[in-house]
Amino acid sequence: MGVIKALDQSVVNKIAAGEIIIAPANALKEMLENSIDAGSTNIQVVAKDGGIKVLQISDNGSGVMKDDLPILCQRFTTSKLSTFEDLGSLNTYGFRGEALASISHIAHLSILTKTKDSPCAWACHYSQGKLVPAKAGESPGPKPIAGKNGTQITVENLFYNFSSRLKSLKSSNEEFIKILEVVQKYAIHTANVGFSVKKLGESHNSLTIRESQNIKERIRAVYSSSVANNIIPIESQDMAEIGLKEVNGQISNLNYNANKKKAQVVFFINNRLVDCDPLKKSLLNIYSAYLPKGAKPFVYLSLSINPAQLDVNIHPTKKEVRFLHEEEIIDFVCQIVQSALSNVDDSRTFRAVR
Ligand code: ADP
Ligand code: MG
C-alpha cells in the first residue's frame with residue numbers, strides 16, 4: 001500500500017493561510033489594502049495585544065453587498081479579477097481573493113458592512129471560510145443592524161488553532177510596532193486618505209493622519225520634523241526603453257543625517273509595498289559616500305513599471321515583485337537620486353568619494 005494520501009481540506013486551508021498570514025501585520029496589510037481598494041477616505045485601526053487578541057479595521061468605503069456576504073471568506077472569491085490576463089492591468093491591491101479566507105481559517109472574523117444603497121448595515125461572523133452563527137443556536141445568516149456606510153472587520157484570537165505560529169510571534173509591543181509601520185508606509189503613499197492607529201482602550205492615537213494632509217505633512221507626522229524639513233521631491237517621467245513609466249518620491253537631503261539604527265526606506269512598485277533589496281543597497285551606497293558614518297537617510301520612492309514586465313504574484317505575502325530590466329531600472333533610479341542630491345540648492349558643499 002502506498003504512503004501518499006490527500007490531506008484533509010481543513011489542513012490544506014490552514015497551511016495555505018499560514019503562508020499568507022505570518023503575523024498580525026500581514027493580516028492588517030491585507031485588510032488595509034481592501035479598504036483602500038474599496039475607495040475609503042478614512043481608515044481606522046485598533047489593536048489589542050499587538051493585534052493578536054483583537055485587530056479591527058473600520059473604513060468608509062464601498063461596503064460589501066448583502067448577497068456577497070455568504071462567499072466573502074471563501075477562497076478565491078474576489079470582485080477584482082476575472083481572467084488571468086487581467087493580472088497584467090490590475091489597479092487594485094487585491095486580486096487573489098485569498099486574504100479574508102485565510103484569516104478566517106486561523107482566527108475568528110466578523111464583519112459589519114453597509115453599501116450606500118442598502119437601507120441598513122449587515123453583521124456576520126465567519127469561521128473556516130463559512131458563515132457561522134454569532135451564538136450557538138442562532139442562524140448564521142447576515143443580521144440587519146444599524147450602521148454607517150463602509151466596512152468594519154474585526155479579527156479576534158489570531159492563530160488560536162495554530163499554536164506553533166502563536167509561539168513564534170514577538171511581544172505584543174513588537175507586533176504592534178509592525179502594524180504601525182505598515183499603516184505609516186501606506187499613509188505616506190496614499191494621498192487623500194486619512195489613517196489612524198490606536199491600541200484598544202487607550203485614549204490617544206499612536207498615529208493620526210488626516211485626509212487633507214499633504215505628503216510633507218504626512219512625513220512630518222509619521223517620521224519627524226527634521227526629515228520633513230530636509231526633504232527633496234523626486235519626479236521623473238518615462239524611460240520607455242526599460243519599461244519604467246514613472247518615479248516619484250521624497251528623499252532626505254544631505255543635511256538630514258539622523259543617527260538611526262536602520263535607514264527609513266519605503267518602496268512602492270506599481271502601488272505595492274515591497275522590499276527591493278538590490279535597490280535599497282544601491283541607494284544606501286550613494287548616501288554613504290556623503291553622509292557621516294552611522295547616519296541614515298530617509299527614502300520613499302514609488303516606481304511605476306510597465307505591468308507587462310512585472311510579476312506581482314511570486315510571493316505569498318506579495319512582498320516581493322520581479323521585473324524585467326531590473327539592473328537598468330535600478331541604475332536609472334540611482335542616477336536620479338544622485339543628481340537630486342547634488343543639485344540641491346543649499347549652502348552645503350560636498351565631494352563624492354566613491
Ligand atoms: P481580494 O482583495 O484579493 O479580492 P480578499 O479576500 O482580500 O480578496 O477580499 C475578498 C473580497 O471582499 C474583495 O474582492 C472585495 O470585494 C470584498 N472586500 C473585502 N474587504 C472589503 C472592504 N473593506 N470594503 C469593501 N469590500 C471589501
Ligand atoms: Mg484583498
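Side notes on the structure shown:
- Cross-link reach is defined here as a Cα-Cα straight distance under 17 Å, omitting same-chain residues fewer than 8 places apart; for Lys66 the lysines meeting it are Lys114, Lys116, Lys130, Lys143, Lys148.
- Annotation: peptides 182-190, 75-83, ranked by per-residue average of other Cβ atoms within 10 Å with the highest first, follow the order 182-190, 75-83.
- Cβ crowding within 10 Å, taken as a proxy for footprinting-reagent exposure, orders Met239, Met31, Met1, Met65 from fewest neighbours to most as Met1, Met65, Met239, Met31.
- Taking the C-alpha atoms only, the angle from helix 172-189 to the longest principal axis of the chain is near 60 degrees.
- Cα gyration tensor category, rounded, prolate or oblate, for the range 9-209 with a/c compared to 1.5: rounded
- Sorted peptide list for 131-141, 223-233, 108-118, criterion being average Cβ within 10 angstrom, highest first: 108-118, 223-233, 131-141
- Between 0 and 90°, nearest 10: helix 9-20 axis offset from the chain longest Cα axis: 20
- The chain - charge dipole about Cα centre, Lys and Arg +1 at Cβ, Asp and Glu -1, debye rounded to 20: 1300
- Taking 24 Å as the limit for the C-alpha separation, the pairs Lys14/Lys167; Lys29/Lys296; Lys14/Lys319; Lys53/Lys170; Lys216/Lys262 exceed it in the case of Lys29/Lys296.
- The Cα center of the range 180-211 and the Cα center of the range 111-147 differ in position by 27 Å.
- Magnitude of the charge dipole for the range 226-343, about its Cα centre and with charges confined to Cβ atoms of Lys, Arg (+1) and Asp, Glu (-1), is about 760 debye.
- Averaged over residues, the count of other Cβ atoms within 10 Å places the peptides 243-250, 48-55, 9-16, 282-289 in the sequence 48-55, 243-250, 282-289, 9-16, highest first.
- A simple count of charges around Ile52, restricted to other residues whose Cβ falls under 13 Å of its Cβ and scoring Lys, Arg +1 and Asp, Glu -1, yields +3.
- Principal-axis analysis of the Cα atoms of the chain puts helix 326-343 at an angle of about 50° to the longest axis.
Each value in this text was obtained by applying a stated rule to the coordinates, not by laboratory testing. Only a predicted model underlies this, so the values are computations on that prediction, with no experimental measurement involved. Every residue, glycine as well, gets a Cβ built from its backbone with ideal geometry; the counts of neighbours run over all protein chains shown.
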